[in-house]
Amino acid sequence: MDLQNEVRTRMRVDDIPGHVKLRTAVRKAFFPVRWTLSVFWGAVSRAARGISLVTWCIHVGIDYYRLVYLDYTPEPDDIFVVSYPRSGTTWLQMILYQLTTDGNMDFVHIAEVCPWFERVALNKRDITRLPRPRVFKSHLPRLWIPKGTCRYIYVARDGRDVAVSMYHFYKSHFRYKGDFRRFFKLFMRGWVAWGSWFSHVAGWWKHRDDWNVLFLRYEDMVRNLESCVRKIIDFCGLEVPEERIPEILKRCSFQFMKEHEEKFDYALELMLERGCMPRSFIRKGRPGGWRELFPPEELERFNRQYEKRVKQLGLSFDAPGT
Ligand code: A3P
């Protein structure tokens with residue numbers, strides 16, 4: 001961040017009106033009560049109307065992370081990439097990653113360099129170690145996003161396209177078996193992960209003129225990516241050499257991201273959270289690798305059992321040349 005931008009950021013801290021600070025404090029104080037009531041009411045209404053247990057668990061999980069992170073105070077140079085799911089979040093993550101780093105593609109998954117804010121607790125991530133400025137992805141509605149003097153870049157997408165994209169996503173990643181009509185009913189009632197698209201978008205749109213909010217449309221990004229990228233550079237006060245822009249645009253193109261799809265796929269993010277490392281399953285494919293790892297004591301223990309239970313049957317595993 002350049003000096004001018006830094007001064008501007010500091011000035012804005014004092015600009016937050018007293019009533020906004022008070023309202024935030026009251027919300028925070030009453031959060032546990034509201035959370036308990038909302039979980040209870042959510043459970044009753046969802047059970048009564050037969051929503052799936054999985055969806056209900058997702059809601060409770062989200063509520064839990066809201067509770068955990070409500071008190072997080074963002075640093076002034078933090079950048080939150082926010083959206084309703086399936087609106088171009090990952091695309092924005094990639095744009096911000098390209099703009100704030102040298103853009104190398106050495107990461108296993110984009111969440112490594114641009115974590116999902118609500119899930120850092122799950123990943124046990126130490127966010128203080130991330131390089132600055134830190135870029136977080138979030139699906140939190142305006143009400144729940146941690147407030148601060150950081151920057152928020154919100155991307156909204158036509159709700160009809162969101163519904164279709166989400167339907168396919170539910171089918172491919174959550175084993176959703178219903179047809180689109182059934183899914184659409186859930187979508188319209190806000191009974192999908194992250195609730196109602198209408199309230200989410202409306203909530204953020206009301207803040208589009210806040211000094212630290214940049215409101216983008218997915219459709220504009222498709223139409224003219226370069227202009228959106230330049231808007232982001234200006235808004236965040238980033239210094240990006242002009243000669244890097246063509247490469248950044250190339251890397252943020254649909255084609256490039258599709259070619260590196262696994263680095264953006266939610267399925268891999270879940271696997272990584274569970275501790276699974278991709279590309280480690282078909283490993284070396286050679287006999288005798290045990291020599292590198294077996295300590296003498298363990299080898300002796302193995303051999304004892306082997307002699308007793310297998311070797312005497314005539315089965316041997318001596319590799320040629322050993
Ligand atoms: P579709 O399912 O309509 O293809 P999110 O990251 O918020 O989950 O959004 C996913 C949507 O953004 C998907 O929409 C995906 O194809 C689209 N998307 C991701 N990268 C893109 C890119 N570089 N250009 C255009 N759309 C992109």
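The values are calculated or read from the model by the stated rules, or taken from the named source; none is laboratory data. As the structure is a computational prediction, the values presented were derived from the model and not from experiment. We place every Cβ from the backbone using ideal geometry, glycine too, and count neighbours over all the protein chains shown. Side chains included, ligands, DNA and RNA excluded: accessible areas come from the protein's heavy atoms. Shrake-Rupley method; radii C 1.70, N 1.55, O 1.52, S 1.80 Å.
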Note on segment 162-194: residues within 16 Å of the ligand (Cβ to nearest atom) and in contact (Cβ under 8 Å) with a residue 60 or more places away in the chain are V162, S165, M166, F169, H173, F174, V192, A193, W194
Those residues of segment 287-322 which are within 30 Å of E112 (Cβ to Cβ) and of a type outside the set (G, A, S) amount to E292, L293
In segment 201-224, the residues that are in contact (Cβ under 8 Å) with a residue 60 or more places away in the chain, open to solvent by 30 Å² or more (accessible area, probe 1.4 Å), among the hydrophobic types (A, V, I, L, M, F, W, C) and within 16 Å of the ligand (Cβ to nearest atom): F215
Pair list, Cβ under 6 Å, 6 or more apart: segment 80-92 residue closer than 23 Å to K250 by Cα and in a loop (DSSP other than H, G, I, E, B), other residue within 6 Å of the ligand (Cβ to nearest atom) and modelled with pLDDT of 95 or more: R86/S165
Return the residues of segment 225-240 that are under 23 Å from the mean Cα position of the chain (by Cα) and open to solvent by 50 Å² or more (accessible area, probe 1.4 Å); say none if nothing qualifies. K231
Kindly list the number of the only condition in (1) within 14 Å of the ligand (Cβ to nearest atom); (2) over 22 Å from Y97 (Cβ atoms) that fails for C252. (2)
Test: E243 is open to solvent by 60 Å² or more (accessible area, probe 1.4 Å), in the same structural domain as N104 (by TED's automatic domain parsing), touching a residue at least 12 places away in the same chain (Cβ under 8 Å) and over 19 Å from the mean Cα position of the chain (by Cα): no
Say whether the condition of being assigned by TED's automatic domain parsing to the domain that holds I232, under 23 Å from E273 (Cβ atoms) and within 16 Å of the ligand (Cβ to nearest atom) is met by at least one residue in segment 122-135. yes
Suppose we keep only residues that are more than 13 Å from the ligand (Cβ to nearest atom) and surrounded by fewer than 20 Cβ atoms within 10 Å (Cβ to Cβ) within segment 83-104. Which one would you say is nearest to I153 (Cα to Cα)? T101
Touching a residue at least 24 places away in the same chain (Cβ under 8 Å), farther than 18 Å from L96 by Cα and in the same structural domain as E219 (by TED's automatic domain parsing), is that true of P146? yes
Take the residues in segment 255-290 that are part of a helix (DSSP H, G or I) and within 10 Å of the ligand (Cβ to nearest atom); name whichever of them is nearest to K171 (Cα to Cα). Y266
Is it the case, given these coordinates, that E247 is more than 30 Å from T149 (Cβ to Cβ), outside any loop (DSSP other than H, G, I, E, B), within 16 Å of the ligand (Cβ to nearest atom) and not basic (K, R)? yes
